[in-house]
Ligand code: ITT
């Protein structure tokens, strides 16, 4: 019988899963949702956070699984909120971020995808440069209404092709190319 899913996405954030599922579908990878609260260590490195999250995810899910850790890094705030992006969004939100940012608006969004199965762990990361807008534009989730990726005039929230250019897309594309090759070598 054909497997329903190739790999699971462990997260408490359905928005991240929905985007990841659409992105991986383009590579022929079927992504299931493993809705859970993951152990998040305190660290200034989103790679280290993702690594811990994925071992915790595999111990709960017991199937090939990926997790994602993201951060919005604002240059003039020395990279804040970075690894604390989830907490900062829940506390001060976009309104608070806009109050903190002055004339220097450069920022970048980073994603780390971590994969774990019975035999191995692998990490895939990506970064997209951009700017923080002067006010919110659009109704997207998280920081979508205030992040304008480099080379674009609109925020993530207003872009129709977010999933073709985003930090998530760039990291998932690296994962997908590796994963497809790995599956082919298993079935060869
Ligand atoms: P899990 O750890 O359970 O997967 P989370 O929401 O806590 O979910 P992160 O720790 O990676 O995920 O938090 C990063 C935060 O950055 C997230 O909560 C959003 O507020 C924000 N974020 C990440 N990617 C985003 C995107 O594409 N658009 C808007 N905001 C994003």
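Let me have the 222 nm mean residue ellipticity of the chain computed from DSSP H runs of 4+ only, each contributing -39500 (n - 2.57), with the sum over all residues rounded to the nearest 500. Provide the component values of the computation, followed by the final result.
Values: 6 runs with 68 residues, N = 188.
Taken over the chain, the calculation gives -11000 deg cm²/dmol.
Take the Cβ-Cβ distance between residue 184 and residue 60 as r, set R0 to 22 Å, and report the resulting FRET efficiency rounded to the nearest 0.05. Let's see the in-between values first.
On the way: r = 28 Å, r/R0 = 1.29.
With a Förster radius of 22 Å, E is 0.20.
Over the chain, what portion of Cα pair distances is larger than 27 Å, expressed as a whole percent? Mind dumping the intermediate values first?
Values: 4808 of 17578 pairs.
Summing the P(r) of the chain above 27 Å gives 27 percent of all pairs.
Pairs of Cα atoms under 8 Å, at least six residues apart: use those to get the relative contact order of region 61-148, whole percent. Spell out each step's value before the answer.
Values: 148 pairs, mean separation 25.9, N = 88.
Answer for region 61-148 is 29 percent.
Taking a label point 7 Å from the Cα of residue 22 along the Cα→Cβ vector, which residues of region 122-159 have an amide N closer than 16 Å to it?
Label zone hits: 138-145, 155-159.
Simple spin-label model, 7 Å along Cα-to-Cβ: residue 14 to residue 87 in nm?
2.6
Subtracting the Cα-Cα distance from 0.36 nm times the residue separation, let me have the gained length for residue 36 to residue 95 in nm, one decimal.
Details: separation 59, 0.36 × 59 = 21.24 nm, distance 2.81 nm.
Contour length minus the Cα-Cα distance gives 18.4 nm.
Read the figures in this text as sums done on the coordinates, not as results from a lab. This structure is a prediction, so every number in the text was calculated from the model and none was measured. Because the Cβ atoms are built from the backbone with ideal geometry, glycine has one as well, and the counts that use them run over all protein chains shown.
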